[in-house]
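The values are calculated or read from the model by the stated rules, or taken from the named source; none is laboratory data. On a predicted model such as this, the values are computed, not experimentally measured, just so you know. So basically every Cβ, Gly included, is an ideal-geometry build from the backbone, and we count neighbours across all protein chains shown.
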Amino acid sequence: MSAGNLKIFFYAYYKATNMLDIRGIFQLRALIAMAQEKEKIVLIVSHDVDLVNDCCSHVIHFANSNLEYYEGGYYEFLVIKRQREEHRLKEHNALAKQRNALVDTIENLKKNKAGKHGRKKTGAIASRKKKLERHGLMKNKNGHRWTVQNAGTGMFYS
């Protein structure tokens, strides 16, 4: 592959192994290795697990209109992706448990509202309802709730 007098800093291969025989696959791997030795960026879009695992140092996964970046080959990607999914599930379950506890607290306060401390309980109910409305709002990587004023962009990146 020659580019004449042009200096190429970036190679892109889309479904690179499609319709290649074994010799062509070896040539492709050699070409990718040569480009990596020269510290060129090589972008490979492929369903060939072995090619991705053997030739790639980073994986960018596109799913649900979202790009996620992973270091390592394909097998490392699978491990890290599973860990991220388990973490998200734990977070979701913890938020659901907290939300259910808030709902139960509101219901108990409503049941026991009668009596001489009715005004205090009304305020407590309003406070818990407000907290319930805010509950589960997206947080940034530091754990702070996202606001347009703090972000400055009006967009949230997780």
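Which one of K81, K15 is assigned by TED's automatic domain parsing to the domain that holds L132, farther than 30 Å from L132 by Cβ and not polar (S, T, N, Q)?
Within the list K81, K15, the selection yields K81.
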Open item on the list: Show the residue pairs meeting these rules: Cβ distance below 6 Å; 6+ apart or different chains; first residue within region 44-61 and in the same structural domain as A30 (by TED's automatic domain parsing); second residue surrounded by 13 or more Cβ atoms within 10 Å (Cβ to Cβ) and polar (S, T, N, Q).
Closed with: D48/T17; L51/T17; V52/S46
Open item on the list: Conditions first: (1) of a type in the set (D, E); (2) surrounded by fewer than 12 Cβ atoms within 10 Å (Cβ to Cβ); (3) under 30 Å from L20 (Cβ atoms). E76 passes all but one, so which condition is the exception?
Closed with: (2)
Open item on the list: Give all pairs with beta carbons closer than 6 Å in which a residue from region 71-92 that is part of a helix (DSSP H, G or I) meets a residue that is loosely packed, with under 15 Cβ neighbours inside 10 Å; count only pairs at least 6 apart in sequence or on separate chains.
Closed with: Y74/V49
- [ ] Tell me, yes or no, whether region 98-111 has at least one residue that is modelled with pLDDT of 85 or more, closer than 30 Å to L132 by Cβ, within 20 Å of the chain's Cα centre (by Cα) and assigned by TED's automatic domain parsing to the domain that holds L132.
- [x] no
Open item on the list: Being in contact with a Gly (Cβ under 8 Å, 6 or more places away or on another chain) and aliphatic (A, V, I, L, M) narrows it down to one residue among L67, L95, L78; which is it?
Closed with: L95
Task: Lone unmet requirement of (1) surrounded by 12 or more Cβ atoms within 10 Å (Cβ to Cβ); (2) in a helix (DSSP H, G or I); (3) under 12 Å from the mean Cα position of the chain (by Cα) for I60 - done: (2)
